[in-house]
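For reference, the structure discussed in these notes is given below.
The values are calculated or read from the model by the stated rules, or taken from the named source; none is laboratory data. Keep in mind it's a predicted model, so treat the numbers as computed, not measured. Because the Cβ atoms are built from the backbone with ideal geometry, glycine has one as well, and the counts that use them run over all protein chains shown. Keep in mind that these areas ignore ligands, DNA and RNA; they rest on the heavy atoms of the full protein, side chains included. Shrake-Rupley method; radii C 1.70, N 1.55, O 1.52, S 1.80 Å.
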Amino acid sequence: QNMEKIQVEIVPGVGLGKLKFGMSRDEVKAILGEPDHQEITSYGDDDSDKSDAWEYHPLRLDLSFEEAEDWRLTILSVSSEDYMFKGSSLIGLNQEELMEELDVLRVKDLEIEDMSSEDHPEQTLISSDELGMNFWLHTDILDEIQWGPLFEDEQTIRWPE
């Protein structure tokens with residue numbers, strides 16, 4: 001698994017290089033090979049909503065497939081400064097730098113929430129609804145970018161072509 005297999009440009013609503021939202025697990029495996037770690041979790045009250053999370057450690061890349069969407073790829077998340085958004089490397093920036101950079105990149109609809117908990121003290125989430133992007137900061141440093149497909153409305157995902 002090397003970086004060359006993966007395009008490093010984050011494309012909101014679409015994916016990452018050859019990885020596109022809506023792909024099946026087999027399609028992803030054909031591109032990336034077997035994940036280093038795989039775990040199925042349930043987040044519904046009755047174990048109904050299952051999610052299959054894959055981690056590719058050398059790539060600092062996590063993927064999630066949702067049962068509710070027929071196990072299609074629904075979330076990508078990256079934690080390496082090798083990944084670029086509109087040509088900018090964002091991982092490692094502090095909140096002030098990130099906000100300035102996103103402003104330059106014309107990302108306007110940002111919401112900032114304190115997501116601190118016992119497990120994750122000093123955690124902040126900056127999200128853009130319009131782009132379907134989440135920027136996770138820990139102790140004021142961006143360490144994870146997470147994104148998914150865009151929605152037509154509350155229920156309907158607009159899968160990339």
Q. Looking at (1) surrounded by 14 or more Cβ atoms within 10 Å (Cβ to Cβ); (2) under 30 Å from S24 (Cα atoms); (3) without any contact (Cβ under 8 Å) to a residue 40 or more places away in the chain, which is the one condition that is false for A68?
A. (1)
Q: For residues that are without any contact (Cβ under 8 Å) to a residue 24 or more places away in the chain and of a type outside the set (V, I, T), scanning just region 7-26, find the one that is surrounded by the fewest Cβ atoms within 10 Å (Cβ to Cβ).
A: D26
Q: Quickly run through region 88-102 and pick out the residues that are under 22 Å from G15 (Cβ atoms) and open to solvent by 60 Å² or more (accessible area, probe 1.4 Å).
A: none
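Name the residues in region 99-126 that are of a type outside the set (S, T, N, Q), farther than 19 Å from G87 by Cα and part of a loop (DSSP other than H, G, I, E, B), would you?
Result: D109, M115, E118, D119, H120, P121, E122.
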Q | Hits in region 83-98 - residues which are part of a strand (DSSP E or B) and touching a strand residue (DSSP E or B) at 6+ places or on another chain (Cβ under 7 Å) | A | M84, F85, N94
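Across region 74-87, what is the number of residues that are under 17 Å from E9 (Cβ atoms) and either open to solvent by 50 Å² or more (accessible area, probe 1.4 Å) or modelled with pLDDT under 95 (or both)? Break it down stepwise before answering.
Within region 74-87, the first condition is being under 17 Å from E9 (Cβ atoms), and the residues that meet it are 76-87.
Remaining after also requiring either open to solvent by 50 Å² or more (accessible area, probe 1.4 Å) or modelled with pLDDT under 95 (or both): 81-82, 84, 86-87.
Number of matching residues: 5.
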Q: Kindly check whether there is at least one residue in region 120-135 that is under 20 Å from E39 (Cβ atoms), open to solvent by less than 50 Å² (accessible area, probe 1.4 Å) and either at pLDDT below 95 or of a type outside the set (S, T, N, Q) (or both).
A: no
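Given the criterion out of contact with any Leu (no Cβ under 9 Å at 6 or more places or on another chain), modelled with pLDDT of 95 or more, under 28 Å from E154 (Cα atoms) and hydrophobic (A, V, I, L, M, F, W, C), identify the matching residue among W54, W71.
Only one candidate qualifies: W71.
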Q: Provide a single number: the residues in region 139-156 that are in contact with a Ser or Thr (Cβ under 8 Å, 6 or more places away or on another chain) and in a strand (DSSP E or B).
A: 5
